[in-house]
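Worksheet for the structure shown next.
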Amino acid sequence: MKYFDLALDSGIYKTAPRLVNWYGVQDVRLIKWETYHKLQNRQIYNIEPSQETVFTDIVSIPFLLVSQMVRDTIKMYGDRVVFKETILVDSKNQREQVYYLPVMEENPDIGIADITGDKKRDYKDIPQWVNERNIFWIRQRGERHTIISLDLAESLLRRNAVGLALKEVRLAAKS
C-alpha cells in the first residue's frame, strides 16, 4: 500500500488562512486521541486579514484543520477520527469559513523510513493495522505527520481539493 504525508502546499497557496493569537486559545497538547474529550466542540479563531485569502481545503499550521469536503471524504472511509468544529474569521474583511479539527490516533511504533535514514527497514515491518487505516498520525523527530492512504489521496484529488501537498512516504517500524 502506498502512503502520503499530507500538508498544505504553502509554496503555491501563500494566501491560505493564517491563524493569529491562537496560542492562548488552544492547548495543542490536548489534540490527541487520549484527550480529545477535553477540547471544545466549537472554537473560533481570528485569521490574518486579507482580501486575497484563499480558504484552502486544508490548513496544517499550527495544527491540522480540514474543510467540510475533506471531513466528509475521511468519514466515508470509516476510520476512527473525531472532528471538532472550528470557525476561522477575518473580521476586517467580513469573511469566515468553517473548518474541522480532526483528532485521530498517533502511532509511536512506526515512522517515515526516509527521515529515519534506515533503508533496511520498510513497510513489511509495520504493524498489520496500518493496512486497515486510511488516515493516522505519526510523530517523527518531534513533528506530527498526517499520513493518508493512496485511496484517500485519490478521493481528495478527484474532488478537486485545494491546497493539498502530498509527498509519498515509505513507512517503517521504529526500533
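The values are calculated or read from the model by the stated rules, or taken from the named source; none is laboratory data. None of the values given here were measured: they were computed from a predicted structure. Cβ atoms come from the backbone with ideal geometry, glycine included; neighbour counts cover every protein chain shown. Surface areas here come from the heavy atoms of the whole protein model, side chains and all, with no ligands, DNA or RNA. Shrake-Rupley method; radii C 1.70, N 1.55, O 1.52, S 1.80 Å.
Here the contact order of the chain, divided by its residue count and restricted to Cα pairs under 8 Å and six or more residues apart, works out to 33 percent. The calculated P(r) of the chain, using every Cα pair and 10 Å bins from 0, goes 9, 37, 36, 15, 3, 0 in percent. With Cβ to Cβ distances under 15 Å as the rule, what net charge do the other residues near Val82 carry (K, R +1; D, E -1)? Cβ neighbours under 15 Å give a net charge of +2. For the range 11-46, the set of trypsin sites (Lys or Arg not before Pro) satisfying both a DSSP loop assignment and a count of at most 14 other C-beta atoms within 10 Å is given as Lys14. Modelled spin labels at Val98 and Arg80, positioned 7 Å past Cα toward Cβ, are 2.7 nm from each other. To put it simply, the accessible area of the chain at a 1.4 Å probe is 46 percent carbon and sulfur. The residues of the range 63-103 have, on average, 45 Å² of accessible surface per residue, using a 1.4 Å probe with all protein chains present.
Full extension of the chain segment joining Ile87 with Lys174 gains 27.6 nm, where the gain is 0.36 nm per residue of separation less the Cα-Cα distance. Relative to the current alpha-carbon distance between Met1 and Arg29, full extension at 0.36 nm per residue lengthens the span by 7.0 nm.
Using a cut-off of 11 Å between beta-carbons, work out the net charge of the residues near Glu106 (Lys and Arg +1, Asp and Glu -1, Glu106 not included).
Counting the neighbours of Glu106, the net charge comes to 0.
DSSP bridge analysis restricted to the range 1-132 gives an antiparallel fraction near 75%, rounded to the nearest 5.
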